[in-house]
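K.L.:
Before I ask anything, here is the structure I am working with.
The values are calculated or read from the model by the stated rules, or taken from the named source; none is laboratory data. Predicted, not measured: the structure shown is a model, and the values here were computed from it. Here the Cβ positions follow ideal geometry from the backbone for every residue, glycine too, while neighbour counts run over all protein chains shown.
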Amino acid sequence: MDAANDPQGPFLCLPRICDIRTDITTQALADGGWAVVIDEQEENFKVQDLERKVLTPDRNRAMCEAFLRHASATPPA
């Protein structure tokens, strides 16, 4: 049974996909990855490394702000 269309529900809502990118995300998606110098040595991080190997507070803030903007703009079903 589809939980989004359940006659006794709905219990879930259909997902909405938003493309939220920062400069760091865009660079991390590129073939070379996001290049940053740490202790005078260049490190390259791919998008899957973000938040696992390196924390990026500005990127997190941008994603949260964009989420809140989109969530508050979504009309109720």
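K.L.:
Kindly list, by first and then second residue, each pair from a residue in region 13-28 that is within 16 Å of Phe45 (Cα to Cα) and without any contact (Cβ under 8 Å) to a residue 60 or more places away in the chain to a residue that is of a type in the set (Val, Ile, Thr) and in a helix (DSSP H, G or I), limited to pairs with Cβ atoms under 6 Å and residues at least 6 apart or on different chains.
P.N.:
Ala28/Val47
Okay, residues lined up against (1) surrounded by 10 or more Cβ atoms within 10 Å (Cβ to Cβ); (2) out of contact with any strand residue (DSSP E or B) (no Cβ under 7 Å at 6 or more places or on another chain):
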{"position": "Val36", "(1), (2)": "yes, no"}
{"position": "Gln41", "(1), (2)": "no, yes"}
{"position": "Phe45", "(1), (2)": "yes, no"}
{"position": "Asp49", "(1), (2)": "yes, yes"}
{"position": "Arg69", "(1), (2)": "yes, yes"}
{"position": "Ser72", "(1), (2)": "no, yes"}
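K.L.:
Residues of region 14-34 being touching a strand residue (DSSP E or B) at 6+ places or on another chain (Cβ under 7 Å) and surrounded by 10 or more Cβ atoms within 10 Å (Cβ to Cβ), which ones?
P.N.:
Ile24, Gln27, Ala28, Gly33, Trp34
K.L.:
Here's something else I'd like to know. Kindly provide the set of residues from region 14-54 that are modelled with pLDDT under 80 and either outside any loop (DSSP other than H, G, I, E, B) or in contact with a Ser or Thr (Cβ under 9 Å, 6 or more places away or on another chain) (or both), ordered by number.
P.N.:
Arg16
K.L.:
Let me ask something additional. Can you tell me which residue within region 51-67, out of those that are surrounded by fewer than 14 Cβ atoms within 10 Å (Cβ to Cβ) and within 29 Å of Cys13 (Cβ to Cβ), is farthest from the chain's Cα centre (by Cα)?
P.N.:
Per the stated criteria, the residue is Arg52.
K.L.:
Does Phe11 satisfy the criteria of being touching a Lys or Arg at 6+ places or on another chain (Cβ under 7 Å) and either modelled with pLDDT of 85 or more or surrounded by 10 or more Cβ atoms within 10 Å (Cβ to Cβ) (or both)?
P.N.:
no
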